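Undergrad: This is the structure I want to talk about, given as structure tokens.
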Amino acid sequence: MSQTPSFKTEETGSGFMFSASGDWTVRQAAALGAALDELSAARIRGAQVTFDLKNVSRLDTAGAWLLDRTAERFLAQGLTPRFEGLRGEFQTLFDTVQANRGTCPDTLHDMRPFAVQLTARVGDALLATGAEVHGIVGYFGIFLQALWRAVKSPRRLRLVPLVHHMEKAGFDALPIVCLITFLIGAVIAQQGAEQLKRFGADVYTVNLVAIIFLREVGILLTAIIVAGRSGSAFAAEIGSMKMREEIDAMRTLGLDPVEMLIVPRVLALVLTLPLLTFIADIMGLLGGAVTVWMLLDTTPGVFLVRLQEAAGFWTFGVGLLKAPFMAIVIALIGCHCGMKVTGSAESVGQQTTQSVVKSIFMVIILDALFAMFFTAVGI
Amino acid sequence: MKDEAVIDVRGLRTQFGDHVVHENLDLKVRKGEVLGIVGGSGTGKSVLLRTIVGLNRPAAGRIEVLGEEPSMLNEEERQALEQRWGILFQDGALFSALTVAENVQVAYREHLKMPGDMMDELAALKVRLVGLPIEAASKYPSELSGGMRKRAGLARALALDPEILFLDEPTAGLDPIGAAAFDRLLKELQQALGLTVFLVTHDLDTLYATCDRIAVLADKRVILAGTMEDMMASDHPWITEYFKGPRGRAAGRAQGKPG
């Protein structure tokens, strides 16, 4: 049904004749374009070129565009183009194409030297980080304000969403937190026992597990799991609400999005992360206890006694004390990223990823700061 | 030639679970005509469009598009057939990660081996053809207004110079001036490019301004397909209310047609 398009040229008295035939459609445009490029590069002499189109069976915008472009090139070479055999419907198409030709504006290719681009990117990243920190600190202030308002008139504290988020971010996270901390507790005990055995100090495995878990690993693991589970969920929920203009709708109805969305989420994490951390600590110790029982025949009773010797209240307290701070950081970053979403679905995805990356990063930075602080105060 | 059906739907039934949307639906779209599909909300206008282009699987019946049955074709033949039609979704459905020009070029990149400068110029042609300023070509969909997104979606639908154009409520959400301009554009393009247009719409002005024939969906099937005069002559209560209600009369007067 479809006919291969082709053209041939022949010299006439005053110039030459260009006769086209077949289907001049977008499907063949690439091949035709290449052949036409060759033709117009060949620099034909003469005064006139006649395009004979009476044998063209089909013509679409791409075909018309090709012919028009070729005619234009001949014109630039000093030949006058003329069209012949243009049927009515082709003529309309031709006029439409001719009227609408143009070139795409360049999609910003960076032409600056590499060193400049690199410096610019570093500078941009630095400024963006500054703006980010500024933004999150600002959100912390807004959160405190809203919290203060809620303290003054407790009616403004949204209890239902608070409980809902506590369930989703806290209670629903229990299985994964328990499983992971139990396994990591067991692994630490197993690796520690392996190393300490060489010095005959394998009884200290209990100390190792207790201190490392209660001080650092329990809270870190929990915070990272919660950042991945809930920080991202906050960003995605608020982000898609932002995208669908729900947040704007709230504002116009006189509802405060900070009070409705951010305060319950931050509070929920502040309340549940310490609880989760407590359970994580227990599960980690349990994992350690089971492992030393199997590997070193340390019975649970002995484990408990050694545990009491190894870990004082502050070993446990140091870990737990960090939890609310990390909760605030995770929740605020999640909410902040959600509020930064603009128009597109792509932006929701981007901000969700960003919230996880940033909150895990901040959790680790915070942990390092706390480590320095606790060393300084001597606990 | 004039009466050649490019879309032929016979005895179509579509259903989602127990919910039957179409039952024993027949519809013919002739070559080179603009067919408007109207019907109340929830009568399955968009579903019909999606079923014809193969996004929904019909429960029963036969659909023939450009002389072929999409459901009987293998992957390769289906793709070849799909390239012969273009679809404009309700909000343009532009790929948000690509610029307008790149959206138009997707088909060129995927299906045709085409040099870069040719793609650029053809994309520019399509962008101008749908009445967008050339600067819009390098913008991302999120930077465009709703009306511009629709035009950009139309440019993408026209990328491969399709024979059939499916439009899902092209003027919904546009201001009256923008909608009238879209109607004019549609008619011009349809004449210049020789398109067959399958148009789902709620807009009476669009119906008057662009459609050669109208098909009315009600009671799970096409209850009437014909010209505006046929619609006026009908005494089906829904059709009467639709075309002779206050809005219908106003649209008719605006076009200087019976009403």
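The values are calculated or read from the model by the stated rules, or taken from the named source; none is laboratory data. These numbers come from a predicted model, not from an experiment. Reconstructed Cβ throughout: ideal geometry from the backbone, glycine too, with neighbour counts over all protein chains shown.
Undergrad: Of the residues that make up the range A:111-132, is at least one in contact (Cβ under 8 Å) with a residue 24 or more places away in the chain, surrounded by 12 or more Cβ atoms within 10 Å (Cβ to Cβ) and either within 14 Å of chain B (Cβ to nearest Cβ) or within 18 Å of B:L193 (Cβ to Cβ) (or both)?
TA: The answer is no, given that none of the residues of the range A:111-132 is in contact (Cβ under 8 Å) with a residue 24 or more places away in the chain, surrounded by 12 or more Cβ atoms within 10 Å (Cβ to Cβ) and either within 14 Å of chain B (Cβ to nearest Cβ) or within 18 Å of B:L193 (Cβ to Cβ) (or both).
Undergrad: A further question follows. May I ask you to say which residue of B:A124, B:A93, B:A101, B:A97 is surrounded by fewer than 21 Cβ atoms within 10 Å (Cβ to Cβ), small (G, A, S) and more than 19 Å from the chain's Cα centre (by Cα)?
TA: Answer to the check: B:A97.
Undergrad: Going by the structure shown, is A:G319 small (G, A, S), touching an Asp or Glu at 6+ places or on another chain (Cβ under 7 Å) and assigned to a helix (DSSP H, G or I)?
TA: For A:G319, the condition - small (G, A, S), touching an Asp or Glu at 6+ places or on another chain (Cβ under 7 Å) and assigned to a helix (DSSP H, G or I) - is met.
Undergrad: Additional query: Could you grab me the full set of residues in the range B:119-143 that are closer than 20 Å to A:L66 by Cα, touching a residue at least 12 places away in the same chain (Cβ under 8 Å) and at the interface with chain A (Cβ under 7 Å from one of its Cβ atoms)?
TA: Within the range B:119-143, B:D120, B:L122, B:A123, B:A124, B:L129 meet the criteria.
Undergrad: Please work out which one of (1) over 26 Å from A:A35 (Cβ atoms); (2) touching a helix residue (DSSP H, G or I) at 6+ places or on another chain (Cβ under 9 Å); (3) at the interface with chain A (Cβ under 10 Å from one of its Cβ atoms) is the condition B:T171 fails and give its number.
TA: (3)
Undergrad: On the basis of being of a type in the set (S, T, Y), assigned to a helix (DSSP H, G or I), touching a Leu at 6+ places or on another chain (Cβ under 9 Å) and under 30 Å from A:V217 (Cβ atoms), does A:T129 make the cut?
TA: Values: of a type in the set (S, T, Y): yes; assigned to a helix (DSSP H, G or I): yes; touching a Leu at 6+ places or on another chain (Cβ under 9 Å): no; under 30 Å from A:V217 (Cβ atoms): yes.
So A:T129 fails the test.
Undergrad: A further question follows. All but one of (1) modelled with pLDDT under 85; (2) part of a helix (DSSP H, G or I); (3) among the β-branched types (V, I, T) hold for A:V122; state the number of the condition that does not hold.
TA: (1)
Undergrad: Got a sec? Which of B:A123, B:A97, B:A136 is out of contact with any strand residue (DSSP E or B) (no Cβ under 8 Å at 6 or more places or on another chain) and under 11 Å from B:R156 (Cα atoms)?
TA: Step by step, each of B:A123, B:A97, B:A136 is checked, and only B:A123 is out of contact with any strand residue (DSSP E or B) (no Cβ under 8 Å at 6 or more places or on another chain) and under 11 Å from B:R156 (Cα atoms).
Undergrad: Out of the range B:73-118, which residues are at the interface with another protein chain (Cβ under 10 Å from one of its Cβ atoms), polar (S, T, N, Q) and under 30 Å from A:G343 (Cβ atoms)?
TA: The answer is B:S96, B:T99, B:Q105.
Undergrad: Within the range A:1-21, count every residue that is more than 14 Å from chain B (Cβ to nearest Cβ), in contact (Cβ under 8 Å) with a residue 12 or more places away in the chain and outside any strand (DSSP E or B).
TA: Looking only at that region, the number is 4.
Undergrad: How about the range B:194-238: which strands (runs of 3 or more DSSP E) wholly inside it have at least 2 residues that are out of contact with any helix residue (DSSP H, G or I) (no Cβ under 8 Å at 6 or more places or on another chain) and either surrounded by fewer than 19 Cβ atoms within 10 Å (Cβ to Cβ) or not aliphatic (A, V, I, L, M) (or both)?
TA: B:221-226
Undergrad: A further question follows. Across the range B:176-192, what is the number of residues that are of a type in the set (A, V, I, L, M) and away from chain A (no Cβ under 14 Å)?
TA: Count: 4.
Undergrad: Out of the residues in the range A:1-21 that are within 15 Å of A:D60 (Cβ to Cβ) and of a type in the set (G, A, S), state the one that is surrounded by the fewest Cβ atoms within 10 Å (Cβ to Cβ).
TA: Checked the range A:1-21; the qualifying residue surrounded by the fewest Cβ atoms within 10 Å (Cβ to Cβ) is A:S2.
Undergrad: Looking at the range A:196-219, is at least one residue within 30 Å of A:V348 (Cα to Cα), in contact (Cβ under 8 Å) with a residue 40 or more places away in the chain and in the same structural domain as A:T299 (by TED's automatic domain parsing)? Please lay out each step first, then the result.
TA: If we filter the range A:196-219 for residues that are within 30 Å of A:V348 (Cα to Cα), which is where we start, we get A:219.
Still in the running and in contact (Cβ under 8 Å) with a residue 40 or more places away in the chain: A:219.
From the residues that got through so far, the ones that are in the same structural domain as A:T299 (by TED's automatic domain parsing) too are A:219.
Within the range A:196-219 (the criterion being within 30 Å of A:V348 (Cα to Cα), in contact (Cβ under 8 Å) with a residue 40 or more places away in the chain and in the same structural domain as A:T299 (by TED's automatic domain parsing)), the answer is yes, since at least one residue qualifies.
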